[in-house]
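Remarks on the structure that follows.
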Amino acid sequence: MATIKDVAREADVSVSTVSHVVNGTRYVAPETAERVRSAVERLGYAPSGVARALKGNRTQSIGMVVTSSTNPFFAALIHSVEAACFARGYSLILCNSEDDGDKFYAYLATLRTKRIDALVVLTANQEPGLPAELAAAAGVPTVVLDTEDAAPATAVADDSYAGGGLAARYLAEAGFRRIACISGPERHPRSAERMAGLLAGLDAAGLDLDPALHVVADLTVAGGSAAMAHLLDRPEGERPDAVFCFNDMMAMGALCAAHERGLTVPDDVSVMGYDDVELAAYMAPPLTTIHQPVPELGARAAGLLIDHLDAGAPLPRVVKLEPRLVERRSVGRPRGRTP
């Protein structure tokens with residue numbers, strides 16, 4: 001790999017002259033500058049980003065720590081953040097902590113050595129107060145996705161309370177009365193908000209959530225399958241006629257569990273998800289779900305940080321984006337009821 005000394009030797013100039021031409025820090029005679037640029041091109045010299053960052057105190061890079069890059073929702077969100085960064089001339093440095101606290105802080109320390117300009121955090125089972133700790137530890141402007149309680153960091157998320165209420169109203173208006181819920185862990189911020197919205201929506205429709213029909217599960221296909229199996233193990237007259245899952249991966253597991261018992265969705269039981277990952281449209285049957293605006297979430301997170309870095313725009317404390325209902329074929333009508 002060519003160095004700045006190689007370029008200086010090739011162009012027959014001093015190292016400082018090469019630096020001035022490459023960084024545009026001082027006037028250099030046109031003939032000399034052209035000689036330097038030609039040498040740079042011939043040798044394939046690439047200036048050190050770290051060295052330039054030390055001078056300008058900026059690296060044009062944003063770090064991102066996620067708990068998983070395999071969940072389709074997370075993968076789509078990562079892609080949207082990266083695309084927004086690239087469009088604005090920034091690089092994204094991605095670290096996957098696998099929801100391990102020690103690994104999380106180790107990666108955070110690594111990102112600090114890379115002199116990132118800002119940080120994006122996407123957590124799953126976060127502990128209370130973690131966003132504030134992360135923002136303080138990072139020492140740079142920070143946006144936390146998938147939570148609303150992130151001060152002093154900025155929180156960007158869908159309005160999960162509204163999404164839970166939207167699901168409740170939709171199922172109630174379809175005529176369902178025995179509505180079950182497969183939720184995520186209680187400490188998960190989105191799960192708590194969706195549950196609050198669901199309960200409020202059911203209450204407005206004059207319905208209650210039977211505690212026996214609420215199952216807490218991991219936010220995975222396996223978690224949804226096990227939870228659905230638990231619901232379907234109930235006596236036939238006590239089974240739900242509709243199941244609302246707090247993400248699409250759990251809904252996929254619920255569909256599998258119903259199929260394994262010889263049940264037809266939605267004729268025997270309806271299933272509804274949350275997120276609207278790309279795979280949802282290709283499940284069997286295609287999944288009715290609450291759509292999160294993933295491209296907008298990622299673009300807003302990156303845009304807020306870059307506007308702050310480049311133009312000094314203030315960072316808001318919370319940004320909420322509205323979810324919407326996507327009707328497909330996994331939700332029908334209660335047995336014995338016609339439209």
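A short reminder: the numbers here are calculations on the coordinates, not readings from a lab. Computed from a predicted structure; not experimentally measured. Virtual Cβ from ideal backbone geometry, glycine too; neighbours counted across all protein chains shown.
Can you list residues whose amide H is under 5 Å from V318's amide H, if they're 5+ apart or on another chain and H is modeled 1.01 Å from N?
A155
Normalized C-alpha radius of gyration of the stretch 4-47, against 2.2 N^0.38 Å?
Normalised Rg, Cα atoms only: 0.95.
By count of other Cβ within 10 Å, fewest leading, how are L232, L43 ordered?
Ascending Cβ contact count within 10 Å gives the list L43, L232.
Based only on other Cβ atoms within 10 Å, what is the fewest-to-most ordering of C256, C245, C181?
Fewest-to-most ranking of C256, C245, C181: C256, C181, C245.
Arrange the following residues from fewest to most other Cβ atoms within 10 Å of their Cβ: V21, V221.
So the residues, fewest neighbours to most, are V221, V21.
So who's got an amide H within less than 5 Å of the one on C181, skipping anything under 5 residues away but keeping other chains? H placed 1.01 Å off N, in plane.
HN-HN under 5 Å from C181: H214, V215, F244.
What are the ³J(HN,Hα) couplings of the stretch 100-113, residue after residue, when phi is run through the Karplus curve with 6.51, -1.76, 1.60 and θ = phi - 60°? Round to Hz, x for glycine and proline.
Going residue by residue, I get 9, x, 4, 5, 4, 6, 5, 5, 4, 5, 4, 5, 5, 5 Hz, with x marking Gly and Pro.
Report Rg/Rh for the stretch 160-292, rounded to two decimals, where Rg is the Cα radius of gyration and Rh the Kirkwood radius.
Result: Rg/Rh = 0.92.
Quickly work out the R261-to-D99 label distance, labels modelled 7 Å from Cα along the C-beta direction, and quote it in nm with one decimal.
2.5 nm
If the convex hull of the alpha-carbon atoms of the chain is projected onto planes in all directions, what is the mean projected area in square nanometres?
20.8 nm²
Give me the net charge for the shell around P293: Cβ to Cβ below 12 angstrom, other residues only, Lys and Arg +1, Asp and Glu -1.
-3
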